[in-house]
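Colleague: Just passing along the structure, written as structure tokens.
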Amino acid sequence: MPLDHGVVGVPSAPYERSWTSKDSLLYAVGVGAGLGDPLQELAFTTENSAGVRQRALPTFAVLAAQAPTGRKLGDFDPAMLVHAEQHFELHRELPAAGSVRTTSRVTGIYDKGSGALVATEAHAVDAASGEPMITSRSSVFIRGEGGFGGDRGPREEWAEPGRAPDHVVTYATRPEQALLYRLSGDRNPLHADPVFAGRAGFPRPILHGLCTYGVTGRALLHALAGSDPARFTSMSGRFSSPVLPGESLTVSIWVDGATALFRTAKDDGTVVIDRGRAAFTP
């Protein structure tokens, strides 16, 4: 059964989601906060350290704004689906515990030849006040579902600046990182089950793309916003290659005023998040 293009543009019913202090802490540890030095990043990994107020990592916004579209895309092998792109914008600092009400919609299904790119958008508001909190845009690539003769989709220009990065940050990941990150909600067996990962063409389970995204977001937060989530405005990037749990990630950052370009790569130089952009309050 081909993908159902009739879902494009149809808004979902409002979906309410809450998170607790524990959820924020688990997410932070899941994306590597405190790894190597548990006394660093205590604002994100503890709720009762003396003189330290608990705060949520900005990239937790991606999980907070997730909501079902309410309609089925079609029948396809879920092992053929991978996360392709992710963008979020924060309209205010995300609290360590809170509730949002989110509406979402599929904004496009694009023909990439070997597969289909499905783009979605979500808007999350504070559940109590209705104040805008998060805008999230993402896309997934479904192998084998292209070739239907549709639009290839928009393309945004991005070029690496012709100079050395202003910041280069390297973070390790744990061999069991995916097992920890999945406890924040993404139980896709691609990241834990070797049989399922083999069906998708991988030698072993891979790290969640949004875990790699969260590790990258930590590097951006500390390098660009002085570790202050209130100064972190937006982040976007394209997932270009898988990461195996235990591999290190190096984020190269080029700053231009209140915005920055970035790219995340493995030790062998393979780029895993490309065409990165971030915005912050100087």
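The values are calculated or read from the model by the stated rules, or taken from the named source; none is laboratory data. Keep in mind the model is a prediction, meaning the values are calculated, not measured. For neighbour counting, all protein chains shown are included, and Cβ atoms are generated from backbone atoms with ideal geometry for every residue, glycine included.
Colleague: Has segment 133-152 got at least one residue that is surrounded by 17 or more Cβ atoms within 10 Å (Cβ to Cβ), modelled with pLDDT under 95, of a type outside the set (A, V, I, L, M, F, W, C) and part of a loop (DSSP other than H, G, I, E, B)?
Modeller: yes
Colleague: For segment 231-282, enumerate the residues that are out of contact with any strand residue (DSSP E or B) (no Cβ under 7 Å at 6 or more places or on another chain), in a loop (DSSP other than H, G, I, E, B) and either in contact (Cβ under 8 Å) with a residue 24 or more places away in the chain or among the hydrophobic types (A, V, I, L, M, F, W, C) (or both).
Modeller: Residues of segment 231-282 that are out of contact with any strand residue (DSSP E or B) (no Cβ under 7 Å at 6 or more places or on another chain), as a first pass: 242, 244-247, 255-257, 267-270, 282.
Next cut, in a loop (DSSP other than H, G, I, E, B) only: 242, 244-247, 257, 267-270, 282.
Selection gives Pro242, Leu244, Pro245, Gly246, Glu247, Gly257, Thr270, Pro282.
Colleague: Related question: Residues of segment 154-164 being within 12 Å of Asp256 (Cβ to Cβ) and in contact with a strand residue (DSSP E or B) (Cβ under 6 Å, 6 or more places away or on another chain), which ones?
Modeller: Pro161
Colleague: Condition check: surrounded by fewer than 18 Cβ atoms within 10 Å (Cβ to Cβ) and within 20 Å of Glu93 (Cβ to Cβ). Does Lys22 satisfy that?
Modeller: yes
Colleague: So, Gly162, is that one within 20 Å of Gly9 (Cβ to Cβ), assigned to a loop (DSSP other than H, G, I, E, B) and either without any contact (Cβ under 8 Å) to a residue 12 or more places away in the chain or not basic (Lys, Arg) (or both) or not?
Modeller: For Gly162, the condition - within 20 Å of Gly9 (Cβ to Cβ), assigned to a loop (DSSP other than H, G, I, E, B) and either without any contact (Cβ under 8 Å) to a residue 12 or more places away in the chain or not basic (Lys, Arg) (or both) - is not met.
Colleague: Check Leu190, Leu183, Leu221, Leu210 and return the single one that is more than 16 Å from Val29 (Cβ to Cβ), in contact (Cβ under 8 Å) with a residue 60 or more places away in the chain and part of a helix (DSSP H, G or I).
Modeller: Answer to the check: Leu190.
Colleague: Also, quick follow-up: Search segment 207-252 for residues being in contact with a Leu (Cβ under 6 Å, 6 or more places away or on another chain) and aliphatic (A, V, I, L, M), and hand back the single one that is surrounded by the most Cβ atoms within 10 Å (Cβ to Cβ).
Modeller: My answer is Val215.
Colleague: From the set of residues in segment 64-88 that are touching a Ser or Thr at 6+ places or on another chain (Cβ under 6 Å) and buried (at least 17 other Cβ atoms within 10 Å of the Cβ), which is nearest to Ala200 (Cα to Cα)? Reasoning before the result, please.
Modeller: Within segment 64-88, the first condition is being touching a Ser or Thr at 6+ places or on another chain (Cβ under 6 Å), and the residues that meet it are 65, 67, 69-70, 84-88.
Narrowing the set further to residues that are buried (at least 17 other Cβ atoms within 10 Å of the Cβ) leaves 65, 67, 69, 84-88.
Working: Ala65: 27, Ala67: 25, Thr69: 25, Ala84: 15, Glu85: 19, Gln86: 21, His87: 25, Phe88: 27 Å.
Only one residue tops the list, namely Ala84.
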